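First up is the structure itself, then whatever we jot down about it.
The values are calculated or read from the model by the stated rules, or taken from the named source; none is laboratory data. Not measured: the values here are computed from a predicted model. Cβ placement follows ideal geometry from the backbone for every residue including glycine, while neighbour counts extend to all protein chains displayed.
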Amino acid sequence: MTQDELKALVGRAALQQVVPGSVVGVGTGSTVNHFIDALAGMKGQIAGAVSSSEQSTRRLQALGIEVLDSNRVERIPVYVDGADEIDGRGFMIKGGGGALTREKIVADLAERFVCIVDASKQVAVLGAFGLPVEVIPMAAAQVSRRLAALGARVVPREGFVTDNGGHVLMAHGLAIDDPLALECRINQWPGVITVGLFAQHKATLCLLGTPQGVQTLHY
Ligand code: 5RP
């Protein structure tokens, strides 16, 4: 099976996690696009979606799924999103698509984070993908220096502006053995909007797409 077929497999499998009658939290990315397409088949059974990006909002609305303002939703049972890496504890690196801030906001509204990934995203130690950090533009140089002091090789995503007007720095070469501590540390730096470590908001379960089928991993 191709990587995209594995993404489609878990995107469809995530439908079983949706609570009928509820609002669904929707992430961003190519794997989530498969979930959104599948969700359209049960749009009459949900109360709408809270979206984590303009990209997902456009896709949801094109398929006739109502997108609700996150400020009008207090709690959602399930948030479905992909990841760039997930470790054996459910800690993730996210933000390869640049939507990390809104993804974390929607994840914070959710009781359960359902991570949908193909098996290539499963890692023993987070970091090989690179760690995205969204910053307020005037802080980019200082945050880059701080990341470099941790041992990272920092590459700004040239010409990319997030849905929030932020810039994204990619920190390469970090072997992240304590994701919770690193997330807390980077969160403290002035000008950081969001770090793409999802440790405080880790996965509750992961639907892992493998050539043998979907594996369900609980954390
Ligand atoms: C976007 C994300 C995505 O979930 C992550 O990049 C995985 O994307 P894909 O499903 O396209 O492989 O965090 O900000």
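Numerical summary
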read-out	value
Output for the range 49-75, where each listed residue is of a type in the set (G, A, S), more than 10 Å from the ligand (Cβ to nearest atom), in contact (Cβ under 8 Å) with a residue 24 or more places away in the chain and on the phi < 0 side of the Ramachandran plot	A49, S51, S70
Any hit, the range 74-93, residues being of a type in the set (D, E), surrounded by fewer than 18 Cβ atoms within 10 Å (Cβ to Cβ) and within 18 Å of I186 (Cβ to Cβ)	no
Matching residues in the range 148-178 - criterion: being in a helix (DSSP H, G or I) and in contact with a Lys or Arg (Cβ under 9 Å, 6 or more places away or on another chain)	none
Condition check for V78: away from the ligand (no atom under 14 Å from the Cβ) and of a type in the set (A, V, I, L, M)	yes
Subset of the range 115-162 [within 16 Å of the ligand (Cβ to nearest atom), farther than 21 Å from W189 by Cα and among the acidic types (D, E)]	D118
Selected residue [surrounded by 18 or more Cβ atoms within 10 Å (Cβ to Cβ), under 19 Å from the mean Cα position of the chain (by Cα) and not charged (D, E, K, R)] from A119, A107, A152, A128	A107
Top-ranked residue in the range 188-213 [being of a type in the set (S, T, N, Q) and exposed (fewer than 14 other Cβ atoms within 10 Å of the Cβ); ranked as nearest to the chain's Cα centre (by Cα)]	Q188
In the range 38-81, the residues that are of a type in the set (S, T, N, Q) and touching a Lys or Arg at 6+ places or on another chain (Cβ under 7 Å)	S52, S53
Every pair of residues 6+ apart whose Cβ atoms lie under 9 Å, when the first sits in the range 88-100 and is within 14 Å of L208 (Cβ to Cβ) while the second is modelled with pLDDT of 95 or more and within 6 Å of the ligand (Cβ to nearest atom)	M92/D81; M92/A83; M92/D84
